[in-house]
Amino acid sequence: MTRLSARSSNVPPNGPAKAPPVRRDDDGPRTGIAVKTRPKTKKPSLYKVLLLNDDYTPMEFVVHVLERLFGKSHEEAIRIMLHVHHKGVGICGVYTYEIAETKAGQVMDLARQQQHPLQCTIEKDGIE
Ligand code: TYC
């Protein structure tokens, strides 16, 4: 018989031998431990910088602080200052922990220099 069939050729039934598939993301023996290949990029927690009301710090000083340390426009600074004056507390800005701590410290330092009793604190933000 002269008919050439796959069986009679030297090619195996599954086609020519292939190199075993390359396993990517494989740094060693299989341990059965699931490994995430996506890099973790967790968003940092945010902190509110809060200004507290008192009876003695001049309104102009609070406005100045909001403009200089928090980059607020004059109108926005007045709005925030009046909010604190009426409600007792208000938000100057929301930042990551280190920046919030630094800003609150700068407010306290400036107030102390000018001998105003202005208080500024930070508080973890509800939304992550
Ligand atoms: N209550 C102050 C006043 O009447 C003004 C003031 C506003 C003080 C905001 C502090 O965080 C503050 N002079």
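Can you flag which of Lys43/Lys87; Lys42/Lys72; Lys42/Lys87; Lys43/Lys124; Lys40/Lys103 are past 25 Å Cα-Cα?
Checking Cα-Cα distances, Lys43/Lys87; Lys42/Lys72; Lys42/Lys87; Lys40/Lys103 exceed 25 Å.
Sum up the charges of everything whose Cβ sits under 12 Å from the Cβ of Gly105, counting Lys and Arg as +1 and Asp and Glu as -1, but leave Gly105 out. Mind dumping the intermediate values first?
Working: positive: Lys103, Arg112; negative: Glu98, Glu101, Asp109.
After counting each charged neighbour, the total is -1.
If I model a spin label as a point 7 Å beyond the Cα along the Cα-Cβ vector, how far apart are those points for Thr121 and Ser73 in nm?
3.2 nm
Fully extended, how many nm does the chain gain between Thr102 and Thr41 (0.36 nm per residue separation, minus their Cα-Cα distance)? If you can, show how the numbers build up before the last one.
Numbers: separation 61, 0.36 × 61 = 21.96 nm, distance 2.42 nm.
Gain on stretching Thr102 to Thr41: 19.5 nm.
So how much slack lies between Asp55 and Thr31, counting 0.36 nm per residue of separation and subtracting their Cα-Cα distance, in nm?
2.1 nm
Values in this text are rule-based calculations from the coordinates and carry no lab data. Computed from a predicted model, the values in this text were never measured in an experiment. In this analysis, Cβ positions are derived from the backbone assuming ideal geometry, glycine residues included, and neighbour counts consider all displayed protein chains.
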